[in-house]
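The values are calculated or read from the model by the stated rules, or taken from the named source; none is laboratory data. Since the structure is predicted, the reported quantities are computational estimates derived from the model, not experimental observations. In this analysis, Cβ positions are derived from the backbone assuming ideal geometry, glycine residues included, and neighbour counts consider all displayed protein chains. These area figures cover heavy atoms from the full protein model, side chains too; ligands, DNA and RNA do not enter into them. Shrake-Rupley method; radii C 1.70, N 1.55, O 1.52, S 1.80 Å.
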Amino acid sequence: ESGKLVFSNAEHIPMVYIHDGEAACPQIEKSLALGTYSVGKELFKQNSLQLSRGDILFFTTNGIDMEENEKGEVFGEKYLLNTFKDLKNSNDSVIKFALARLKEFYGSRISKKDVALLAIEYKGRLV
């Protein structure tokens, strides 16, 4: 309701936060993978963001950075952020845009397993 987002990162590619067309990966110390040990607040480092109407959160599974492209590169945080530099000039949805960039990067080598993309747009407070 307030737009405050509290989050953790458990050993995966960080989420991408898109605000006013600019993409960033909020930096937070990685926590243990969920399910590794008994769940307790002290195991998970937390950070928070104040979302504004129209902000987008983009998440992916680690399958996008587990395989190399033809140049021996993996699609990590650097390429993930570069992916969204041209988003504001596109009419595509965030998912469609990201998927097209992944296919460009990997060509026929894109992983068929563990590749999931999720985009959430914050619409603001519900009335």
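Which residues, taken from the stretch 63-81, are without any contact (Cβ under 8 Å) to a residue 24 or more places away in the chain and open to solvent by 70 Å² or more (accessible area, probe 1.4 Å)?
Selection gives Lys71, Lys78.
Test of understanding: among Ser111, Ser52, which residue is at pLDDT 85 or above, surrounded by 11 or more Cβ atoms within 10 Å (Cβ to Cβ) and not basic (Lys, Arg)?
That would be Ser52, the only listed residue that is at pLDDT 85 or above, surrounded by 11 or more Cβ atoms within 10 Å (Cβ to Cβ) and not basic (Lys, Arg).
Quick one: in the stretch 87-99, of everything that is part of a helix (DSSP H, G or I) and surrounded by 12 or more Cβ atoms within 10 Å (Cβ to Cβ), which residue is modelled with the lowest pLDDT? Working first, answer last.
Of the residues in the stretch 87-99, the ones part of a helix (DSSP H, G or I) are 87-89, 94-99.
Then drop every residue that is not surrounded by 12 or more Cβ atoms within 10 Å (Cβ to Cβ), which leaves 87, 94-99.
Details: Leu87: 79, Val94: 88, Ile95: 89, Lys96: 89, Phe97: 87, Ala98: 87, Leu99: 86.
Per the stated criteria, the residue is Leu87.
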